[in-house]
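Asker: Have a look at the structure that comes next, please.
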Amino acid sequence: MQGILATLMFVAPDWVVSLTRERRPNAFWAEYVLWPVIQILIVLFVILTLVAYLVYLERKVSAFIQARLGPMRVGPWGLLQPAADGLKLLLKEDIIPLKADRVVFALAPIISVVAALVVLAVIPWGAAWATIANINIGLLFILAVSSVGVLGLVLAGWASNSKYSLLGALRSSAQMVSYEIGLGLSIIGALMFARTLSMSGIVEAQQADHVWYVFFQPLGFLVYLISALGETNRAPFDLPEAESELVAGYHTEYSGFRWALFFMAEYSSMIVTAAIAVTLFLGGWMLPGVTGTSLFGIGPIQNSTLHTFASVAVFGLKVMLLIYAYMWFRWTWPRYRYDQLMELGWKWLIPAGLANIVLTGIFYVLALPPARGGVFDLMREVSGRLVPTGKGVGYFILTGTAITVPLVWLLLVNINRRSRDFNLHDQRQLQVNLRRERLEKALQPQPSDGGTQ
Amino acid sequence: MQEQSSATGQETLFDAEEMVLNMGPQHPSTHGVLRVILKLDGETVVGLDCDIGYLHRGVEKIAESDTYAMITPYWDRLDYVAAVSNDLCYVEGVEKLIQVEVPKRAEYLRVILTELQRIASHLLWLGTHAMDIGAVTVLLYAFREREEILKIFEDFIGARLTAHAFRIGGLWWDVYPEFETRVRDFLQILPGRIEEYETLLNANRIWLQRTVGIGVLPAEEAINLSLTGPGLRGSGVKYDVRKAQPYSAYSDFEFEIPIGENGDTYDRYLCRMEEIKQSALIIEQALDGLPEGPVMAKVPKVLKPPAGEVYHSIEGPKGELGVYLVSDGTGKPYRMRIRPPSYINLQSLKRMSIGHLVADVVALIGTIDIVLGEVDR
């Protein structure tokens, strides 16, 4: 039994990979059809199952935060709950409101879910063969396709022909468009160091620089995380579906599996944004100790497949940690109001992202070798790529922190001074102002004989 | 854009009209079957109207054909999250009418139960208000503590929600032996739990942004709208029936009344949180000084109050809860009129909402703290 399992796990991928390497007559098919199809099937299967279990996880996490148990009935610890939910949603009556635009109504969830799933193709899940397509514009592709996702929400809101849906769609389009800018700006700093848009390339760049870019770009990471929350409509930015105001926002009129498609889109875009954050800022599948030849000092290990599996596990772990943080935020914080959300996006995140780009650029140029116009000479050219030296790593970490602290402080102070809504200092003072009055008692208690005549 | 359109002589650049949005009667955050008709310009509220009556049961009319004792259960079902307070109002009103002196022990127990009910009602308010603004977790925390109070009620009264605690002339039974220790146990855990809510909300940036400066009611306007309860005190008016016209045994206890300054949603929130703490203080004092003795006064089996009229009001969790009873000398009231604080406070919604956004309307419905059973009667 174990032998079969080991064969399946370790030998089979090697065999498929070997098909592509050896110059056989069927190499083209193996490389461009057979292997990608296998990869796509695996990724889809894993991600869709993961989405179902993320819902379960969300319920469990929220339950533990709220002193409850969460789903416990279906299967041990409620582990079969996602299956039961999926089955229920499949069997539900498919309702399309009479006054809805039927075609668009049916199309909207499909657009959403497709846009969310397509980007899975370029995410580097692990080392070696664990990426479906390693294209050189990976990150741009992700940004482009995921902004198509907002179309699904807008169309859903419009086609439902309901006012709540319309308001939800209005909110989501405005929100996603403005947060996409912050998102796009926040990643540029990290791209300056990586000097490539290929997702695998970014991870390899961090490997070559011996550092995760979160240390070079703390501000970029911060802005990215907040923008990603807004981009995926997660709390505290879940205005498009704010259930206490808009019932369910853009998917008010949806039920059954069409509704589930929106849900899948939301959770898979959560995975995608977390995966981008991991790739760009947290070193992708890298973890100190997990290398091609040894696992935490155990080794030497010659099996490259084992390394790939380990790297996928590392990647998954990092993604899950970020997703846990998302859930944590959701169940702890209240919800922003629409105008406050816009203010945060335009007055806070976008200026921060822009300032980050400019300052990072200046510090980067200063660190270049003199031959290239720099001053400090903290970078070397290694196989055609500029890599910071040991001192250079320290320099970039220092400047990254130096950018973050005063910039965050400056923005907070500035925003607090300018805006009534953000005036946190004055708001904190209010608590002191509540006074407890010792009211003097009236002279007479209410007469117990009343007004009886 | 305005200049441009005036230059071309057009009213607006596009055909734009205000959208009318029906919020309710089935809506997650109108706290029951309140229907709010909103006129929206984008998301800004330019007009608002409340449509009530979906839960109208005609309690005041029913009362005219029931005996005085039979009416009491209807009062449990007015403000169904604060049944005990409602009972106190009616029962004391009738006692005033028939001029019965209630034993001291009964009065103290009434104060304990009513203040427990005030805590329970404020906890429910806190949870739903926070949930309307998006902080779902507070709801579950608040319900955890409310559950303890409901258990104490259940063991004494038999019911959890519509707890029919009092009878005309006192209490039907004395409390069970462990009552005191259980209430004391609850009071022991309460301060820590309140601290938990305040950690989640008090200095939370989002919470502050959503509540500070929202729905500001100056003191004068609050009085003009005849607001009572935390809504009035949040605007800085020093009025609490427990102090202004002490009823039951309230004149025996030392407690303070929290007063807000700015009259916004945040001040009303702080006031209610402080009221919970003050209620706990009152209960402690009442338990310490709980006298022995009977809990029921001598009341005739068939009540026939002398002809006359009486108005009695108490400080309910939501404001001044009053009853006006007219007796014509028979066993049934000639007229019973309820002064429901929720209903009267609700009229401030229009004044507070206009100019704010849809999201604020939800927060404002929460801050008024309405119960539709009481609004519609």
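Asker: Only residues that are under 29 Å from B:Ile119 (Cβ atoms), among the acidic types (Asp, Glu) and within 14 Å of chain A (Cβ to nearest Cβ): list them for region B:267-310, please.
Answerer: The answer is B:Asp267, B:Glu274, B:Glu275.
Asker: So which of A:Ile135, A:Ile96 ends up being surrounded by fewer than 21 Cβ atoms within 10 Å (Cβ to Cβ), β-branched (Val, Ile, Thr), outside any helix (DSSP H, G or I) and touching a residue at least 12 places away in the same chain (Cβ under 8 Å)? Break it down stepwise before answering.
Answerer: Details: A:Ile96 fails: touching a residue at least 12 places away in the same chain (Cβ under 8 Å).
Unique residue meeting the criteria: A:Ile135.
Asker: Take the residues in region A:51-80 that are exposed (fewer than 15 other Cβ atoms within 10 Å of the Cβ) and of a type in the set (Phe, Trp, Tyr), then tell me which one is farthest from A:Leu321 (Cα to Cα).
Answerer: The residue in question is A:Trp77.
Asker: Looking at B:Arg272 and the list (1) within 19 Å of the chain's Cα centre (by Cα); (2) surrounded by fewer than 22 Cβ atoms within 10 Å (Cβ to Cβ); (3) not small (Gly, Ala, Ser), which single condition is not satisfied?
Answerer: Here B:Arg272 meets the rest and fails (2).
Asker: OK, next. Checking A:Leu398 against (1) surrounded by 14 or more Cβ atoms within 10 Å (Cβ to Cβ); (2) away from chain B (no Cβ under 14 Å); (3) modelled with pLDDT of 75 or more: exactly one of these is not met. Which one?
Answerer: Here A:Leu398 meets the rest and fails (1).
Asker: So which residues in region B:243-262 are assigned to a helix (DSSP H, G or I), at the interface with another protein chain (Cβ under 9 Å from one of its Cβ atoms) and touching a residue at least 24 places away in the same chain (Cβ under 8 Å)? Quick ask: steps written out before the conclusion?
Answerer: Here is the first cut: in region B:243-262, the residues assigned to a helix (DSSP H, G or I) are B:243-244, B:250-252.
Imposing the further condition that a residue be at the interface with another protein chain (Cβ under 9 Å from one of its Cβ atoms) reduces the set to B:243-244, B:250-251.
Correct list: B:Tyr250 only.
Asker: Any idea how many residues of region B:253-272 are in contact with a Gly (Cβ under 7 Å, 6 or more places away or on another chain) and either under 26 Å from B:Gly93 (Cα atoms) or of a type in the set (D, E, K, R) (or both)? Before you say what the answer is, go through the steps one by one.
Answerer: Step one: filter region B:253-272 for residues in contact with a Gly (Cβ under 7 Å, 6 or more places away or on another chain), giving B:259-261, B:263-265, B:267-268, B:270-271.
With either under 26 Å from B:Gly93 (Cα atoms) or of a type in the set (D, E, K, R) (or both) added as a condition, the list becomes B:261, B:264, B:267-268.
Within region B:253-272, residues that are in contact with a Gly (Cβ under 7 Å, 6 or more places away or on another chain) and either under 26 Å from B:Gly93 (Cα atoms) or of a type in the set (D, E, K, R) (or both) number 4.
Asker: Does A:Ile95 count as within 21 Å of A:Glu266 (Cβ to Cβ) and either of a type in the set (D, E, K, R) or at pLDDT 85 or above (or both)? Break it down into steps so the answer makes sense when it comes.
Answerer: Working: within 21 Å of A:Glu266 (Cβ to Cβ): yes; either of a type in the set (D, E, K, R) or at pLDDT 85 or above (or both): no.
No; evaluated as a whole, the condition is false for this residue.
Asker: Being closer than 30 Å to B:Thr330 by Cα and surrounded by fewer than 23 Cβ atoms within 10 Å (Cβ to Cβ) narrows it down to one residue among B:Tyr74, B:Tyr54; which is it? I'd like the intermediate steps shown before the answer.
Answerer: On the way: B:Tyr54 fails: closer than 30 Å to B:Thr330 by Cα.
Just one listed residue meets the conditions, B:Tyr74.
Asker: Would you tally the residues in region A:35-77 being farther than 22 Å from A:Ala133 by Cβ and of a type outside the set (Asp, Glu)? Before the answer, list the steps.
Answerer: Step one: filter region A:35-77 for residues farther than 22 Å from A:Ala133 by Cβ, giving A:52-77.
Restricting the remaining residues to those that are of a type outside the set (Asp, Glu) gives A:52-57, A:59-77.
Final tally of qualifying residues: 25.
Asker: Sticking with this structure for a sec: If I ask for residues that are buried (at least 19 other Cβ atoms within 10 Å of the Cβ) and more than 9 Å from chain A (Cβ to nearest Cβ), which ones from region B:220-235 would you list? Full working, then the answer.
Answerer: Step one: of region B:220-235, the residues buried (at least 19 other Cβ atoms within 10 Å of the Cβ) are B:222, B:225, B:227-235.
Listed by number, the residues that qualify are B:Ala222, B:Leu225, B:Leu227, B:Thr228, B:Gly229, B:Pro230, B:Gly231, B:Leu232, B:Gly234, B:Ser235.
Asker: Another question, if that's okay. Consider B:Ile344 against the criteria (1) surrounded by fewer than 24 Cβ atoms within 10 Å (Cβ to Cβ); (2) touching a His at 6+ places or on another chain (Cβ under 7 Å); (3) among the β-branched types (Val, Ile, Thr): it satisfies all of them except one. Which criterion is unmet?
Answerer: In the conditions (1) surrounded by fewer than 24 Cβ atoms within 10 Å (Cβ to Cβ); (2) touching a His at 6+ places or on another chain (Cβ under 7 Å); (3) among the β-branched types (Val, Ile, Thr), B:Ile344 misses (2) alone.
Asker: Does A:Leu57 satisfy being within 21 Å of B:Gly134 (Cα to Cα) and more than 14 Å from chain B (Cβ to nearest Cβ)? Show your work before the answer.
Answerer: Numbers: within 21 Å of B:Gly134 (Cα to Cα): yes; more than 14 Å from chain B (Cβ to nearest Cβ): yes.
Answer is yes for this residue.
Asker: Scan region A:342-384 residue by residue and report those that are in contact with a Gly (Cβ under 7 Å, 6 or more places away or on another chain) and assigned to a helix (DSSP H, G or I). Don't jump to the end; show me each part of the working.
Answerer: The initial filter retains those residues of region A:342-384 that are in contact with a Gly (Cβ under 7 Å, 6 or more places away or on another chain), namely A:345, A:349-350, A:353, A:356-357, A:360, A:365-368, A:378-379.
Across region A:342-384, the qualifying residues are A:Gly345, A:Leu349, A:Ile350, A:Gly353, A:Asn356, A:Ile357, A:Thr360, A:Val365, A:Leu366, A:Ala367.
Asker: Consider region B:329-377. How many of its residues are more than 30 Å from B:Glu92 (Cβ to Cβ), within 14 Å of chain A (Cβ to nearest Cβ) and part of a loop (DSSP other than H, G, I, E, B)?
Answerer: 2
Asker: What is the residue count in region B:301-323 for residues that are over 25 Å from the mean Cα position of the chain (by Cα) and acidic (Asp, Glu)? Write out each step before concluding.
Answerer: Within region B:301-323, the first condition is being over 25 Å from the mean Cα position of the chain (by Cα), and the residues that meet it are B:301-309.
After this cut, where a residue has to be acidic (Asp, Glu) as well, the list is B:309.
Adding up the residues that qualify gives 1.
Asker: Can I ask one more? Tell me the helices (runs of 4 or more DSSP H) entirely within region B:79-198 that contain at least 3 residues that are within 30 Å of B:Pro306 (Cα to Cα) and away from chain A (no Cβ under 13 Å). So that I can check it myself, show each step before the final result.
Answerer: Details: elements: B:83-98, B:104-133, B:136-157.
Fully inside region B:79-198 and qualifying: B:83-98, B:104-133.
Asker: Any idea which residue in region A:138-170 is surrounded by the fewest Cβ atoms within 10 Å (Cβ to Cβ), counting only those that are within 14 Å of another protein chain (Cβ to nearest Cβ) and part of a loop (DSSP other than H, G, I, E, B)?
Answerer: Applying the filter and picking the extreme gives A:Asn161.
The values are calculated or read from the model by the stated rules, or taken from the named source; none is laboratory data. Because the structure is a prediction, the values reported are computed rather than measured. Neighbour counts are summed over all protein chains in view; Cβ atoms, including those assigned to glycine, are modelled from backbone coordinates with ideal geometry.
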